[in-house]
Every structure is written in C-alpha cells, then in structure tokens.
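The structure appears below as structure tokens.
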C-alpha cells in the first residue's frame with residue numbers, strides 16, 4: 001500500500017509534535033455489472049410489499065456491532081424490530097443478545113434471515129470481507145432484501161458494494177449518518193440516504209427506529225459526499241470547543257459555568273454540547289469516536305476536497321492537533337482529547 005507521511009508545526013516554537021503515517025486505501029475491484037435475471041420483476045414486486053401487512057416490522061440485520069452498529073441494533077429492538085447481528089468480537093454479541101436480538105455466526109447467516117441489512121464496519125477490508133468473502137452477505141442475501149451501507153468510506157468502496165449486489169438485483173443504499181456514538185445511543189442521528197429512492201422510502205420505518213430524521217439527498221454516493229461536508233464541520237467545531245475551554249480555564253473561569261452558559265448562547269455548537277463536558281472533566285473515555293478511527297475520516301475528507309479542488313483552510317489548520325493527540329497516547333480516547341493537546345501547550349517550557 002502507498003503510505004503518506006505528515007509532519008506538522010503547531011506554534012511559534014516550531015516544535016514538531018507529531019509525524020504519523022496514514023494508509024491510503026487502494027481501490028479493490030468490484031463485481032462486474034450483469035444483466036438481471038428473468039426473475040428480476042418478481043423480486044421488484046416482492047420488494048414493493050416489504051413494508052406491508054404483517055411485514056411492517058421487517059427483520060433487520062446489523063453487520064458490525066461497534067459503537068454505532070450496536071446502538072442501531074438496540075434502538076431497533078426497542079422499537080419492536082426483530083434484529084439479527086454479527087460482529088467479530090464477543091462482547092457486542094453478548095450485548096445484542098441481552099437486548100433481545102439474535103446473534104449470527106457470520107454475515108452470511110445474517111443475510112439468510114434479514115429483510116434489511118445495515119452494514120456498520122470500520123474499514124474497507126472488513127467491508128469487502130463481510131460483503132463478498134467466503135462467509136459474506138452476497139452468498140445468502142434474500143431476493144427481497146435491501147442493503148444499506150452506513151459507513152464513512154471512499155466512494156469507490158461504496159460502489160463496490162453496489163455493483164456486487166447488482167449481480168443479484170438487490171438495491172444498495174449509501175446511508176452514512178450524522179451524529180456521534182452518544183447521539184446514536186439516544187436516537188439523535190440524521191441518516192443521509194442516497195440511491196434508489198423507492199427503496200429508501202420503503203424502509204423509512206427502519207431508519208426511524210434508530211434515527212430522529214432521514215434525509216433523502218440524491219443519487220447513490222450523494223450521502224457519503226454530504227457526510228464528508230458534515231465531518232469537515234465536526235473537525236473544525238470540535239477544535240473550536242477545545243480552544244474555547246482552554247481560553248476559559250486560562251482566564252480563571254469556572255468551567256462548569258462556562259459549559260452551561262455557552263451551551264445556552266449564540267456561541268454554542270453541537271460539538272461543544274456533546275464534547276464540552278468531557279473537556280471540563282478532562283476525561284475522554286468512553287469514546288464516542290476514537291482518535292485513531294477519526295484519522296481515517298480526516299484523510300478521506302482531505303483527499304475528497306483535493307479531488308474536487310475545494311480549498312479547506314480551517315480544516316487544514318485543525319488536522320495537526322488531531323495528529324498530535326494520536327501521537328501523544330490519546331489514540332483510543334474520544335476526539336475531545338485534542339483538548340489535552342491544547343492544554344499541554346499552556347505549560348511552561350523547560
């Protein structure tokens with residue numbers, strides 16, 4: 001794989017705080033387009049009925065039970081949906097079982113029972129394996145199923161999934177979400193649904209089971225493009241919240257008062273409200289989004305902006321602080337840990 005080395009200077013002391021290597025994911029070849037089988041019309045008719053009659057609560061499969069996927073599964077169970085899930089780790093499987101969900105031994109086993117499949121994985125390699133591997137979804141996907149790719153990945157990875165399932169006439173939606181892990185736990189998410197609008201409309205009740213709103217944003221791929229735009233803002237606003245908290249502390253203000261007052265005024269942001277208390281407490285666990293995982297998102301935003309020739313000066317100015325958090329031992333903590341990086345910069349030299 002090609003590797004990229006980034007080094008950054010954070011202040012007028014010209015101290016290099018971090019130098020990390022980020023992986024450039026190489027595109028993998030997807031399945032070729034094929035002509036639909038003679039039974040394609042039958043499958044389309046079956047899909048039109050997916051949400052009708054006693055099927056108003058279709059079985060939902062969740063592949064990937066991390067911070068986000070497990071929240072989807074739990075909230076769907078609470079909303080009355082049958083849920084079957086898979087993860088490579090045992091702990092989230094136990095949590096799903098405790099929530100009343102069914103545990104599957106593989107993505108293929110999920111596909112055998114699910115009417116709607118939500119894919120919530122952390123890497124392109126995991127996505128490829130879960131969809132097209134030996135025990136992948138493609139080998140047992142139901143003819144009336146809808147597949148929703150929920151992750152933050154390059155567009156080519158989303159298109160791989162779309163083309164793979166096209167070989168069986170299965171619609172795939174690109175459906176990233178806006179919101180953190182803490183927001184996912186309380187259904188405070190917005191789904192950016194893109195792709196086949198008919199399919200998106202039919203499974204809207206599923207989205208309503210784990211999100212407060214769903215926006216249909218256009219043709220396949222529009223969802224992930226919008227997510228890049230949203231995450232650019234998250235990156236900047238998170239740093240702005242940390243900067244404000246450090247300024248308040250250096251000024252001698254009570255930080256709990258600052259958090260309450262700013263949250264109630266014009267200077268607030270969703271990131272300040274979600275992560276400000278973690279900064280007040282200087283406790284960045286459990287993570288809503290790990291620094292080491294978010295670095296992937298930062299790279300994707302940067303590469304996407306470069307590809308479309310969009311200037312991103314504030315994004316570029318923010319990145320070094322996330323890199324410093326990664327390099328200084330905060331990789332498994334929430335991205336609110338950039339607050340610790342700024343606090344360290346207030347300490348006297350020597």
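The values are calculated or read from the model by the stated rules, or taken from the named source; none is laboratory data. Please read all numbers here as calculations on a predicted model, not as lab measurements. Glycine also receives a Cβ, built like all others from the backbone with ideal geometry; neighbour counts cover every protein chain displayed.
Which count do you get for residues in the range 79-104 that are farther than 19 Å from residue 136 by Cβ and either part of a loop (DSSP other than H, G, I, E, B) or in contact (Cβ under 8 Å) with a residue 60 or more places away in the chain (or both)?
7
Criterion first (outside the structural domain of residue 177 (by TED's automatic domain parsing) and within 19 Å of the chain's Cα centre (by Cα)) does residue 278 satisfy it?
No; evaluated as a whole, the condition is false for this residue.
Cβ-Cβ under 9 Å, sequence separation 6+ or interchain: first residue in the range 151-178 and on the phi > 0 side of the Ramachandran plot, partner at pLDDT 95 or above and not in a strand (DSSP E or B). Which pairs?
Short answer, once both residue conditions are applied: 169/143.
Here's the yes/no breakdown for (1) closer than 26 Å to residue 334 by Cα; (2) crowded, with 23+ Cβ neighbours inside 10 Å:
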| site | (1), (2) |
| --- | --- |
| 153 | yes, yes |
| 191 | yes, yes |
| 195 | no, yes |
| 204 | no, no |
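Give the range 105-130 a look and list any residue that's surrounded by 23 or more Cβ atoms within 10 Å (Cβ to Cβ) and not in a helix (DSSP H, G or I), or say none.
Hits for the range 105-130 are 114, 116, 117, 118, 119, 120, 121.
Testing residue 170 on (1) closer than 30 Å to residue 285 by Cα; (2) crowded, with 18+ Cβ neighbours inside 10 Å, one condition comes back false. Which one is that?
That leaves (1) as the condition not met.
Looking only at residues that are more than 18 Å from the chain's Cα centre (by Cα) and more than 12 Å from residue 101 (Cα to Cα) in the range 52-70, which one is modelled with the highest pLDDT?
It comes out as 58.
State whether one or more residues within the range 289-306 are surrounded by fewer than 21 Cβ atoms within 10 Å (Cβ to Cβ), in contact (Cβ under 8 Å) with a residue 24 or more places away in the chain and farther than 22 Å from residue 225 by Cβ.
So far as the range 289-306 goes, yes, one or more of its residues are surrounded by fewer than 21 Cβ atoms within 10 Å (Cβ to Cβ), in contact (Cβ under 8 Å) with a residue 24 or more places away in the chain and farther than 22 Å from residue 225 by Cβ.
Restricting to the range 153-182, count the residues that are in a helix (DSSP H, G or I) and modelled with pLDDT under 95.
Total satisfying the criteria: 2.
Taking the options 322, 284, name whichever one is touching a strand residue (DSSP E or B) at 6+ places or on another chain (Cβ under 6 Å), closer than 28 Å to residue 69 by Cβ and in the same structural domain as residue 232 (by TED's automatic domain parsing).
284
Any residue that is more than 15 Å from the chain's Cα centre (by Cα), surrounded by 23 or more Cβ atoms within 10 Å (Cβ to Cβ), over 14 Å from residue 72 (Cβ atoms) and assigned by TED's automatic domain parsing to the domain that holds residue 307 - is there at least one of those in the range 223-240?
Checking the range 223-240: at least one residue is more than 15 Å from the chain's Cα centre (by Cα), surrounded by 23 or more Cβ atoms within 10 Å (Cβ to Cβ), over 14 Å from residue 72 (Cβ atoms) and assigned by TED's automatic domain parsing to the domain that holds residue 307.
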